[in-house]
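A quick write-up on the structure given underneath.
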There are 2 protein chains.
Amino acid sequence: MTRIVVLAGGVGGARFLRGVREEARRRFPDGSGGTTAAIAAIVNTGDDAWLAGLRITPDLDSIMYTLAGVNDEQRGWGRLGESERVSAELREYGVGWPWFTLGDLDLGTHIARTSWLRDGLRLSAAVERLTRRWDLGGVRLLPATDDEVETHVRVRDGDVDRELHFQEWWTRYRAALPARAFVQRGVEAAQPAPGVLDAIASADAILLAPSNPVVSIGTVLGIPGLRQAVTGASAPIVGVSPIIGGAVVRGMADACLAAIGVETSAAAVAEHYGRRGRGGLLDGWLVDDRDAESMAAVAASEIAVSSLPLLMRDADTSAAIAAAALDLAGVHR
Amino acid sequence: MTRIVVLAGGVGGARFLRGVREEARRRFPDGSGGTTAAIAAIVNTGDDAWLAGLRITPDLDSIMYTLAGVNDEQRGWGRLGESERVSAELREYGVGWPWFTLGDLDLGTHIARTSWLRDGLRLSAAVERLTRRWDLGGVRLLPATDDEVETHVRVRDGDVDRELHFQEWWTRYRAALPARAFVQRGVEAAQPAPGVLDAIASADAILLAPSNPVVSIGTVLGIPGLRQAVTGASAPIVGVSPIIGGAVVRGMADACLAAIGVETSAAAVAEHYGRRGRGGLLDGWLVDDRDAESMAAVAASEIAVSSLPLLMRDADTSAAIAAAALDLAGVHR
């Protein structure tokens, strides 16, 4: 059985995983429309937050809904056919963040998860229970950690420095307050969630989804022991550039890159991840055709590099990217 | 200022309180459509429960929604224009009680309350915050206690005795499992909520709403110190019979009376409450015209008694009942 591990954030991670699943069905078919390959997603939990007494885990949910086929493709987040009746009530009571919408269908997930967490379940066990409801086509979702390690952002706001939750910076301020640093609150005491290290150790390929390199992939790798497990694994590590044509596709990942002094280019992100064995991660790197000029610089770092269209328009284009990543990782049918 | 205290359960309590408010506006008008009287409702919390990680308080909510004019009059409980999108999700995840519906609008209240309780607020403070949103026409809602004292029911189920939460007995089993006893779990350590004893001590009239004498009024009075405060207060105590024409109006209060060996009659309930000063509570008792034959027995116990139509069809009929109760209590304009 071929084992594929994907490090992933929210929307980009979800679309990429859909492609990996599709490509796995083609490359490793099980004869009944599925795949014999085992796909594990190790998902960023830095965006998680307590909101209105509920634990929300946006990246895990984006991936779960997308793989289950119940996501709102148009809007880019949340459930299809969503409504906001409960949120309107909460606003009247002055509860929650007025700039953060909790959809009714989505709230079902939040309430279920929170009730299990309050009962003492770990996040990974709650995720396992939530995903039982859906057919994810065999993809297993693992939170990077069960511990509450929330990403905070140090910003300069007028004359003062302050720190705010990533969600507030991202959703309320649209990443417009210049970030000086990202902090993983409480990361020192955190551990990878059960199953994470095993999945990494037994992987045949480790793929970095085209997610935010700083606050998605970077946050996953920031969990103590996780980066070491990835770099020490026997599997090749192949990343997919989140930069297309010198710009971020959606979201405001460039603001995150700028905060840590990384240029918004496919080559700069590859350099940021670094060459495996030289303090970095990558064995391979996929860039968009429009960034082909960056290939020489990446190759000069002895990172194997390919180019192809990286815009994930649909399952087919996403599967093509996954196929190229698996090719670079040497995982063939 | 005239101070009226009402001990109340859910639906019957809510309708009666609407009548008390209406009558107070007529009897003690403030010149702008309101009343100069202070009305405090001391509300049963024995039906409260943790459900799907949320704290639900059905009686407090019934009263709040009814006084705010947003209750579903037809259905008899919950919010007008309610929907159940979140509940359907919870069912899919296997969370909550499938036989207990949480409406979407109602969930807004539950989530707000629970988030405040999780933040460390006491129930009475959470109620105060919730009611800030609504215009209750000056009625103040006080939970009988801030402590979690949930009513459980000992039943004979086939060959075995077991104990279940009141909500399960009432809503799931429609009170059809013969009850052997009602238990207020943890009542020994409970205290009246802040404001309760003061309201009772300074009252000009203490009214017992036509709520369930066992699991609503009885539960309120079961909080240590509460019954003593009521019987020791200077105000007259007048009760309204929940029995009309020898039957309960709605709900299954007769099952509760049967469990404690009280007949379903206006006279038997008066006897159950008892004459103040003789181990009981009542100075006065209102019975329905159809139960006029019970008046002699009540009067023989030296409880002042009047009869009038007790079916609370609308604000006017409810106000007439409140007027009769205030008359019996000697509280005149």
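Normalised by residue count, the stretch A:155-217 yields a Cα convex hull volume of 113 Å³ per residue.
Under the simplified labelling scheme, the residue B:91-residue A:171 pair shows an inter-label distance of 2.8 nm, with each label point 7 Å from Cα along Cα→Cβ. Let me have the relative contact order for chain B, percent, based on Cα pairs under 8 Å that are six or more residues apart. Taking the mean separation of contacting Cα pairs over the length of chain B, I get 20 percent. Helical content alone sets the calculated 222 nm signal of chain B at -10000 deg cm²/dmol, taking -39,500 (n - 2.57) per DSSP H segment of four or more residues and averaging over every residue.
In this simple spin-label model, placing a label point 7 Å from the Cα along the Cα-to-Cβ direction at both residue A:181 and residue B:101 gives a separation of 5.4 nm.
Roughly speaking, what is the centre-to-centre gap between the stretch A:245-296 and the stretch B:274-326 when only Cα atoms are used, to the nearest Å? Distance between centres, Cα-based: 81 Å. Peptide A:101-108 has a mean shielding of 5, counted as Cβ atoms of other protein chains within 10 Å of each residue's Cβ. Cα-based radius of gyration for chain A, normalised by 2.2 N^0.38 Å, reads 0.95.
Cα centroids of the stretch A:11-45 and the stretch A:207-240: 18 Å apart. Assuming a ≥ b ≥ c are the square roots of the Cα gyration tensor eigenvalues, decide whether the stretch B:86-215 counts as rounded (a/c under 1.5), prolate (otherwise, with a/b larger than b/c) or oblate. It is oblate, given that a/c is not under 1.5 and a/b is not larger than b/c.
A Förster radius of 51 Å, combined with the Cβ-Cβ distance separating residue B:161 from residue A:140, puts the computed FRET efficiency at roughly 0.70. When a/c is below 1.5 the answer is rounded, else prolate if a/b is larger than b/c, else oblate, so apply that to the stretch B:262-333 with a ≥ b ≥ c taken from the square roots of the Cα gyration tensor eigenvalues. It is oblate, given that a/c is not under 1.5 and a/b is not larger than b/c.
Sorted shortest first, the distances from the residue A:68 label point to those of the same residue in the other copies are 2.9 nm; each point sits 7 Å from Cα along Cα-to-Cβ.
Rounded, prolate or oblate: which fits the stretch A:178-300 when a ≥ b ≥ c are the square roots of the eigenvalues of the alpha-carbon gyration tensor, with rounded for a/c under 1.5 and prolate only if a/b beats b/c? Here the stretch A:178-300 falls in the oblate category.
Peptide packing: for A:116-126, B:60-70, B:166-176, the average count of neighbouring Cβ atoms within 10 Å per residue gives the ranking B:60-70, B:166-176, A:116-126, highest mean first. A point 7 Å from Cα along Cα→Cβ stands in for residue A:178, and the other copies hold the same point at 8.0 nm, listed in rising order. Summarising the label geometry, the points placed 7 Å from Cα in the beta-carbon direction at residue A:333 and residue B:70 lie 5.8 nm from one another.
Only alpha carbons enter this Debye calculation for the stretch A:1-124, each as an equal point scatterer, and the log10 of I(q)/I(0) it gives at q = 0.17, 0.21, 0.23 Å⁻¹ is -0.93, -1.22, -1.34. Shielding value for B:129-139 is 1, the average number of Cβ atoms from other chains within 10 Å of each residue's Cβ. Residue B:308 label point (Cα plus 7 Å toward Cβ) to equivalent points in the other copies: 8.3 nm, shortest first.
Tell me, what does the Kirkwood hydrodynamic radius of the protein assembly as shown come to in angstroms if you use every pair of distinct C-alpha atoms?
About 28.2 Å, per the Kirkwood formula over Cα pairs.
Separation of the stretch A:109-157 and the stretch B:128-188, taken as the distance between their Cα centroids, equals 33 angstrom.
Residue A:154 sits among other residues whose Cβ lies under 13 Å from its own Cβ, and their net charge, with Lys and Arg +1 and Asp and Glu -1, is 0.
Only the coordinates and a few stated rules stand behind these numbers; no lab work does. For clarity, every value in this text was computed on a predicted model and none was experimentally measured. Every residue, glycine as well, gets a Cβ built from its backbone with ideal geometry; the counts of neighbours run over all protein chains shown.
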